[in-house]
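In what follows, a structure is listed as structure tokens, so that the remarks can point back to it.
Each reported figure results from applying straightforward, stated rules to the coordinates on display, with no laboratory input. This one's a predicted model, so the numbers in the text were calculated from it and none came from an experiment. Every residue, glycine among them, receives a Cβ derived from its backbone with ideal geometry; neighbour counts consider all protein chains shown.
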Amino acid sequence: MAGSSNHRTSRIKNPVKPVAVFGAAPWITKAQLKRDVADRRKYDIRRQPNNFFLRRFSKERLQIIKDLIKNGFEPVLMVSNIDLVDKRVWRFCKIAKVVGARVLISKKETPYTGSWLRDAFSVIKGYRFVFPFDERLLGRRIGNKFYSYLGDGGSVVNIEDKFILVSKKTALSAINEINFLKRRGMIVFEMPPGLVTDFFRSQKAKKFKRHHHIDLFVNRIPGMKILVVDPIYYAANKRLVDEIAKVTGYKILQIPEKDRDYYPANFLDLGKGKIMMNRAARETAKLLEREGVEVVLTSVPLKGSSAIYGGLRCAVNLPKKSTQRIMESKQ
């Protein structure tokens, strides 16, 4: 009996924790810009967030790691040997390890090491869609893994593996994969881009720019059948959003105008009606709590992340698999 009791106790002490995967690299590494001429053309250095925002963003990611540990998750930090050349990355990994994250190092650069881990892969209806870091892989399928722009997770919102919201830009680039999902019973809604606040323009009046990552403007809470929608996005796409709510049976909850610059729709779904949300979006949190949603606010406001058009959901991916299988899928 004593042996049986000890066995049960050990199982309670060491439960299998859900994995939360992060990328170690900042938004764009200096090393990447130096070696890649195409990126130098694509990214105008003068328009990039300054060091203040990048430092703040890194501090916020560390705090998110701490918050997820408190909520029973195992944070895993992905980094490549190439990324570690950048001192900022090396320093971030060192601190994250002290905080309690596991650090997994890859010998080669992959999309799993960037800041926005949501945009490295998506899991839809049991199939894994990996962003094609090497465009020569685009369209290739290996078992249940596809190299597809559906891996750009910010442009995909999966509702109960029955419905999927996809940005129009991504849908045009992933026609074959979209048709593949449709043949397996998925109902696909193509979503237009939304408007983000452009903090990097010097004009006195607030300016906006279009962004195709729809998870900044619309997200779902499956356990509560709630669709959280940005007010400007809803006003511009009311007919489409109303149709989605009708087909899925979800209730629409609009974000208060006061909170929209913090992108509260970019929350992290922890399951069973529980979400983690940017602390800055307090009014949205109150609305959701009135609807019975359990809202866990981040320990610090994610203002640095918001300033570079991202949020909590962008920075973390919840793959529902062990860290060992994640590493195997990277090969």
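General remarks:
- If R0 equals 22 Å, the separation of the Cβ atoms of residue 291 and residue 258 corresponds to a calculated FRET efficiency of about 0.75.
- By the count of other C-beta atoms within 10 Å, a proxy for reagent exposure, 127, 112 are ordered fewest to most as 127, 112.
- Here the gap between residue 209 and residue 142, fully extended at 0.36 nm per residue and compared with their Cα-Cα distance, gives a gain of 20.4 nm.
- Computed 3J(HN,Hα) for the stretch 55-63, one whole-Hz value per residue from the Karplus formula 6.51 cos²θ - 1.76 cosθ + 1.60 where θ = phi - 60°, is 5, 5, 4, 5, 4, 5, 4, 4, 5, glycine and proline marked x.
- About its Cα centre, the stretch 159-313 has a charge dipole of approximately 300 debye under the convention of +1 per Lys or Arg Cβ and -1 per Asp or Glu Cβ, with nothing else charged.
- Fewest-first ordering of 170, 197 by other beta carbons within 10 Å of each residue's beta carbon gives 197, 170.
- Qualifying aspartates and glutamates (Cα of each under 15 Å from Cα of residue 258; at least 8 residues distant if same chain): 230, 283
- A simple count of charges around residue 146, restricted to other residues whose Cβ falls under 10 Å of its Cβ and scoring Lys, Arg +1 and Asp, Glu -1, yields +3.
- Cβ-based exposure ranking for 257, 294, in which fewest neighbours within 10 Å come first: 257, 294
- Label-to-label distance, residue 274 versus residue 55, with points set 7 angstrom from Cα along the beta-carbon direction: 3.5 nm.
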